[in-house]
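What follows is one structure encoded as structure tokens, with my remarks underneath.
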Amino acid sequence: MIDYTKETKLSVKSAMEKLTEDLKANKWGVLSVIDVKKILAEKLKIEYDDYIILDVCNPGLAHQGLSINKQAGLILPCKIIVYSDKGKTKVSLYKPTVALSTASSLSGYDKLSKLAIEAEEGLKKVIDLQ
């Protein structure tokens with residue numbers, strides 16, 4: 001599976017607020033927030049479910065990865081989505097280990113793999129708090 005997904009009883013808005021706080025408390029930051037529902041409404045006049053894409057980063061892990069190989073930036077930052085699906089709120093992580101697996105030709109891949117595992121474990125713990 002490419003994802004780690006959990007359902008929460010929170011609304012998308014509340015889940016976003018809690019997730020942002022929990023990420024910060026665990027040394028992660030939100031670099032960007034993409035409100036897909038808003039974009040589709042503005043650009044295409046389409047109504048869509050609540051759907052938010054987050055680019056998240058742990059600066060320490062990112063620095064380590066870039067120090068190993070600057071092309072590691074091709075798979076940064078990590079992606080999390082918070083969305084409504086049939087009336088239920090879900091939080092889903094694109095697993096860093098899966099993202100890295102597409103870049104197995106990078107020099108330092110073994111060291112990068114250890115960082116991807118660390119990132120994934122940390123983000124799963126945060127998602128489990130939702």
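Taking the listed residues 45, 18, the one that is surrounded by fewer than 16 Cβ atoms within 10 Å (Cβ to Cβ), farther than 19 Å from residue 75 by Cα, modelled with pLDDT of 95 or more and out of contact with any Gly (no Cβ under 8 Å at 6 or more places or on another chain) is 45, with no other qualifying.
Restricted to the range 1-102, the set of helices (runs of 4 or more DSSP H) holding at least 1 residues that are closer than 15 Å to residue 122 by Cβ and aliphatic (A, V, I, L, M) comprises 12-25, 59-68, 96-101.
Just to be sure before I move on: is residue 57 surrounded by 15 or more Cβ atoms within 10 Å (Cβ to Cβ) and out of contact with any helix residue (DSSP H, G or I) (no Cβ under 7 Å at 6 or more places or on another chain) in the structure I sent? The answer is yes for residue 57.
Residue selection: residue 115 fails the criterion of being surrounded by 12 or more Cβ atoms within 10 Å (Cβ to Cβ), part of a strand (DSSP E or B) and modelled with pLDDT of 95 or more.
The values are calculated or read from the model by the stated rules, or taken from the named source; none is laboratory data. No experiment lies behind these values; they were computed from the predicted model shown. Note that each Cβ is placed from the backbone with ideal geometry, even for glycine, and that neighbours are counted across all protein chains shown.
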